[in-house]
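Chemist: Before we start, here is the structure in question, set down as structure tokens.
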Amino acid sequence: MVILMASDVRKADVARVLAALRDQGHDPRIISTAPSTVIGVVEEMDRARVEALKEIVSSMPGVEGIEPFGASWKLASRNFRGEATVIQVGRQTIGLGPPVVIAGPCAVESREGLIEIARAVKDAGASFLRGGAFKPRSSPYSFRGLAEEGLRHLAEASRLTGLPVVTEVLTPEAVPLVAEYADVLQIGTRNMQNFALLEAVGETDRPVLLKRGLMATVKELLLSAEYILAKGNPQVILCERGIRTFEPETRNTLDISAVPLLKQLSHLPVVVDPSHAVGKRELVPAVALAAVAAGADGLMIEVHSDPDRALSDGRQSMTLDAFARLMSAIHYVARAVNGYYTEER
Ligand code: PEP
Ligand code: MN
């Protein structure tokens, strides 16, 4: 079972709860200290024993809640925190107000190319620049990114445009390097259950955009978010990017219902990536607008100045012009739903 302490708990209250549990013959452990202290008792216990411990601990000062271990309990859960988490990155806010748009190429290919795209998406109204410097590719022979050079280009494009940068980190070892350049660390779909990586980004002070795994359920996505939160990093953005189904005509299938479902189950902001969901640029606008209508807090969209020559994901990358057109439609849909969802959850 886990014992959730109040966020302003005093050390002495935590010590008293630990002592009471030890008196009962248990071996309690502090499993996290931020955003709140959480004490875990990991021994197998029957229901009667859980009830007996609840009786002893629940009225002690500083104790906010007691839950059985398991998938039903989460720092990511709305039950833990009713208020929506709002993430501030520079002047951008995710989780409050109109949806943010994160746009840019799949991969950073060159300094000039990136700067051209960054300027265009900024002019069109995007609020973040995306671009991979470390690319997880299905084939080891595909373009796998410019690594640190790509990070330097992202930082320069960010300086020139004022757009904060979202970029992927592939390994725990690379976290300090990527965090030096990135405003938001992206965990890709293939790494959603790379628990060592989740813990490594959980130890940084950078917001994390966590993409749903190809074959992951909504609960598994939330449990992966839990790994980051449990390490003390409260700034997690969930990202629905399509899951693998039997339909081969689109790259993946966007689970649109995951948007309201995640908002119901969790206080964390939800971003949708229509590009990886559909895999075809002509399908991206409709799905992007649907995501905004469904209440997404943001979109992540791949854009390229010459998509047919892109080194990765060209087929799904929008042209600069098409992206600019989509941005004005996003604005209208966002206005149409503005305020509709706020009191519904
Ligand atoms: C990406 O956003 O560049 C990416 C690789 O996405 P995903 O992890 O969702 O496939
Ligand atoms: Mn891509």
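Chemist: Only residues that are under 23 Å from the mean Cα position of the chain (by Cα) and more than 16 Å from ligand 2 (Cβ to nearest atom): list them for segment 290-325, please.
Modeler: A290, A291, V292, A293, A294, G295, A296, D297, G298
Chemist: One residue is enough: does segment 30-47 have a residue meeting the conditions touching an Asp or Glu at 6+ places or on another chain (Cβ under 8 Å), within 19 Å of L238 (Cβ to Cβ) and in contact (Cβ under 8 Å) with a residue 40 or more places away in the chain?
Modeler: The answer is no; no qualifying residue exists.
Here's the yes/no breakdown for (1) charged (D, E, K, R); (2) over 30 Å from Q316 (Cβ atoms); (3) within 16 Å of ligand 2 (Cβ to nearest atom); (4) not assigned by TED's automatic domain parsing to the domain that holds S224:
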| site | (1), (2), (3), (4) |
| --- | --- |
| V38 | no, yes, no, yes |
| D46 | yes, yes, no, yes |
| A76 | no, no, no, yes |
| N79 | no, yes, no, yes |
| T93 | no, no, no, no |
| L96 | no, no, no, no |
| I102 | no, no, yes, no |
| V121 | no, no, yes, no |
| S127 | no, no, no, no |
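Chemist: Now, a different point. What residue, among those in segment 273-289 that are of a type in the set (A, V, I, L, M) and more than 16 Å from ligand 2 (Cβ to nearest atom), is nearest to R78 (Cα to Cα)?
Modeler: Across segment 273-289, the extreme among qualifying residues is L289.
Chemist: Still on this structure, I have one more. Output the residues belonging to segment 155-187 that are open to solvent by 10 Å² or more (accessible area, probe 1.4 Å), in a helix (DSSP H, G or I) and more than 18 Å from I87 (Cβ to Cβ).
Modeler: Once the filter is applied, which keeps residues that are open to solvent by 10 Å² or more (accessible area, probe 1.4 Å), in a helix (DSSP H, G or I) and more than 18 Å from I87 (Cβ to Cβ), segment 155-187 yields A155, E156, R159, L160, T161, P172, E173, A174, P176, L177, E180, Y181.
Residue by residue, here is whether (1) within 14 Å of ligand 2 (Cβ to nearest atom); (2) closer than 25 Å to L223 by Cβ; (3) not assigned by TED's automatic domain parsing to the domain that holds R309 holds:
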| position | (1), (2), (3) |
| --- | --- |
| V108 | yes, no, no |
| I115 | no, no, no |
| G131 | yes, no, no |
| R144 | yes, no, no |
| A147 | no, no, no |
| L154 | no, no, no |
| G188 | yes, yes, no |
| V201 | no, yes, no |
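Chemist: For segment 87-118, name all the residues that are out of contact with any Ser or Thr (no Cβ under 6 Å at 6 or more places or on another chain) and either surrounded by fewer than 18 Cβ atoms within 10 Å (Cβ to Cβ) or modelled with pLDDT under 95 (or both).
Modeler: Within segment 87-118, Q88, G90, R91, T93, L96, G97, P98, S110, R111, E112, I115 qualify.
Chemist: Only one of (1) assigned to a loop (DSSP other than H, G, I, E, B); (2) out of contact with any helix residue (DSSP H, G or I) (no Cβ under 7 Å at 6 or more places or on another chain); (3) under 14 Å from A230 (Cα atoms) is not met by L75, so which one is it?
Modeler: Just one mismatch for L75, condition (2).
Chemist: Further, regarding this structure: Exactly one condition in (1) on the phi < 0 side of the Ramachandran plot; (2) over 22 Å from the mean Cα position of the chain (by Cα); (3) more than 16 Å from ligand 2 (Cβ to nearest atom); (4) surrounded by fewer than 14 Cβ atoms within 10 Å (Cβ to Cβ) is false for T342; which is it?
Modeler: (2)
Chemist: Only one residue in L320, L326 is assigned by TED's automatic domain parsing to the domain that holds A126, modelled with pLDDT of 95 or more and open to solvent by 10 Å² or more (accessible area, probe 1.4 Å). Which one?
Modeler: L320
Chemist: Which one of these is more than 15 Å from V121 (Cα to Cα) and within 14 Å of ligand 1 (Cβ to nearest atom): A294, A258, A286, A334?
Modeler: Going through A294, A258, A286, A334 in turn, the sole match is A258.
Chemist: Could you tell me whether segment 196-205 includes any residue that is open to solvent by 40 Å² or more (accessible area, probe 1.4 Å), β-branched (V, I, T) and either on the phi < 0 side of the Ramachandran plot or within 16 Å of ligand 1 (Cβ to nearest atom) (or both)?
Modeler: no
Chemist: I would also like to ask the following. Suppose we filter segment 188-204 for residues that are part of a loop (DSSP other than H, G, I, E, B), in contact with a helix residue (DSSP H, G or I) (Cβ under 8 Å, 6 or more places away or on another chain) and within 25 Å of A103 (Cβ to Cβ); how many remain?
Modeler: 2
Chemist: Does segment 252-272 contain any residue that is of a type in the set (S, T, Y), touching an Asp or Glu at 6+ places or on another chain (Cβ under 9 Å) and within 16 Å of ligand 2 (Cβ to nearest atom)?
Modeler: Looking through segment 252-272, none of the residues is of a type in the set (S, T, Y), touching an Asp or Glu at 6+ places or on another chain (Cβ under 9 Å) and within 16 Å of ligand 2 (Cβ to nearest atom).
Chemist: Please state which one of N233, N252 is crowded, with 17+ Cβ neighbours inside 10 Å, touching a Gly at 6+ places or on another chain (Cβ under 6 Å) and within 24 Å of P172 (Cβ to Cβ).
Modeler: N233
The values are calculated or read from the model by the stated rules, or taken from the named source; none is laboratory data. Source: prediction; values computed, not measured. FYI the Cβ positions are ideal-geometry reconstructions off the backbone, even for glycines, and counts take in every protein chain you see. Side chains included, ligands, DNA and RNA excluded: accessible areas come from the protein's heavy atoms. Shrake-Rupley method; radii C 1.70, N 1.55, O 1.52, S 1.80 Å.
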